[in-house]
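If you scroll down you'll find the structure; I have some questions about it.
The values are calculated or read from the model by the stated rules, or taken from the named source; none is laboratory data. What you see is a predicted model; the values in this text were computed from it and never measured. Ideal geometry is used to build each Cβ from the backbone, glycine not excepted, and the neighbour counts take in all protein chains shown.
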Amino acid sequence: MNEVVRYEVVDRVAWLTIDRPQARNALNADVRSGLWSGVRRFNADRDADVLVLTGAGDQAFCAGGDLKEMAESGLRVPPPDFVPQPGRNVTVDKPTIAAVNGIAYAGGFLLAQCCDLCVAADHARFAITEVKVGRGAPWAAQLPWLIGPRAALEILLTGAPIDAHRARDMGFVNRVVPLAELHATAQALATTIAGNAPLSVRAAKAMVYASAEHPRARAFDVAERLWEPVYLSEDAQEGPRAFLERRPPAWKGC
């Protein structure tokens, strides 16, 4: 990790925080490197079952790419590994949550989109601003699947921000809360997920994304293969046994 991206684990929830509030948590080279390190650390961390991505301060989750750095470097087409994009350039089997504490523009929108769930402060704003600066957004290819083509087209073609409540109505955000409640809400949601059977959680995540890649009949076949190891696991026996014995289950993840 580095000075502009922090990683800490609280009750099996890893918090990955972009800590560059003076630059609205923009994605300069150090931030991008820190995000890659954080994602890899989470993947390998046996003490963390859910990742929460957020930004420092109360103004910005992430304002996107560092335009000053882009101008100085003459960046043209960003490389495939410019930032970690789960499902595109890195595999993250465990669930991820975006805790959006302010604006999530351009690359910040990308980061929120890449997470499995999204909790937003009520003053948060979301935008894909690339049309305003002549840049591209190939990473938004999955947006129509998330919120529908007409909503995606409005966001992409206008470059105009939408507020947290509109983002929730579109299905992009799961929960909207006052800023003072954002951290606790994200932690509680992540803790709930972390308390569930890990094999079931990961299979559920994989199934949802597989449904976007296959026709319905094929999606059922893929889902059967994803869930079979869960049915055959020790945890599948532990859950009903714990219910009968009136105790919390002791998940082994196997």
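Kindly check whether there is at least one residue in region 155-167 that is in a helix (DSSP H, G or I) and touching a Ser or Thr at 6+ places or on another chain (Cβ under 8 Å). Break it down into steps so the answer makes sense when it comes.
Taking region 155-167 as the starting set, the residues that turn out to be in a helix (DSSP H, G or I) are 155-158, 164-167.
Okay, now just the ones that are also touching a Ser or Thr at 6+ places or on another chain (Cβ under 8 Å), so none.
Among the residues of region 155-167, not one is in a helix (DSSP H, G or I) and touching a Ser or Thr at 6+ places or on another chain (Cβ under 8 Å), which makes the answer no.
Each row is one residue, and each column tells you yes or no for (1) in contact (Cβ under 8 Å) with a residue 40 or more places away in the chain; (2) of a type in the set (D, E, K, R).
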residue	(1), (2)
Glu181	no, yes
Gln187	yes, no
Ala190	yes, no
Ala197	yes, no
Ala204	no, no
Tyr209	yes, no
Ala219	no, no
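Let me ask another. Among (1) modelled with pLDDT of 95 or more; (2) of a type outside the set (A, V, I, L, M); (3) within 22 Å of Val176 (Cβ to Cβ), there is one condition Lys94 misses while meeting the rest; what is its number?
(3)
Yes/no matrix, rows are residues, columns are (1) surrounded by fewer than 20 Cβ atoms within 10 Å (Cβ to Cβ); (2) at pLDDT below 95; (3) of a type in the set (D, E, K, R):
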position: Pro138; (1), (2), (3): yes, yes, no
position: Ile147; (1), (2), (3): yes, no, no
position: Met170; (1), (2), (3): yes, no, no
position: Asn174; (1), (2), (3): yes, no, no
position: Ala190; (1), (2), (3): no, no, no
position: Gly195; (1), (2), (3): yes, no, no
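Scan region 65-80 and tell me whether some residue there is surrounded by 23 or more Cβ atoms within 10 Å (Cβ to Cβ) and under 15 Å from the mean Cα position of the chain (by Cα).
The answer is no, given that none of the residues of region 65-80 is surrounded by 23 or more Cβ atoms within 10 Å (Cβ to Cβ) and under 15 Å from the mean Cα position of the chain (by Cα).
Then there is this: Quick one: would you say Ala160 is touching a helix residue (DSSP H, G or I) at 6+ places or on another chain (Cβ under 9 Å), surrounded by 14 or more Cβ atoms within 10 Å (Cβ to Cβ), modelled with pLDDT of 95 or more and not β-branched (Val, Ile, Thr)? Give the steps one after another, and end with the answer.
Details: touching a helix residue (DSSP H, G or I) at 6+ places or on another chain (Cβ under 9 Å): yes; surrounded by 14 or more Cβ atoms within 10 Å (Cβ to Cβ): no; modelled with pLDDT of 95 or more: yes; not β-branched (Val, Ile, Thr): yes.
So Ala160 fails the test.
Within region 73-119, which residues are in contact with a Leu (Cβ under 8 Å, 6 or more places away or on another chain), within 19 Å of Gly136 (Cα to Cα) and among the polar types (S, T, N, Q)?
Within region 73-119, Gln85, Gln113 qualify.
Give Phe109, Phe42, Phe61, Phe126 a once-over and let me know the one that is among the aromatic types (Phe, Trp, Tyr), in contact with a Ser or Thr (Cβ under 9 Å, 6 or more places away or on another chain) and closer than 16 Å to Ala160 by Cα. Can you show your working first?
Numbers: Phe42 fails: closer than 16 Å to Ala160 by Cα; Phe61 fails: closer than 16 Å to Ala160 by Cα; Phe126 fails: in contact with a Ser or Thr (Cβ under 9 Å, 6 or more places away or on another chain).
The unique qualifying residue is Phe109.
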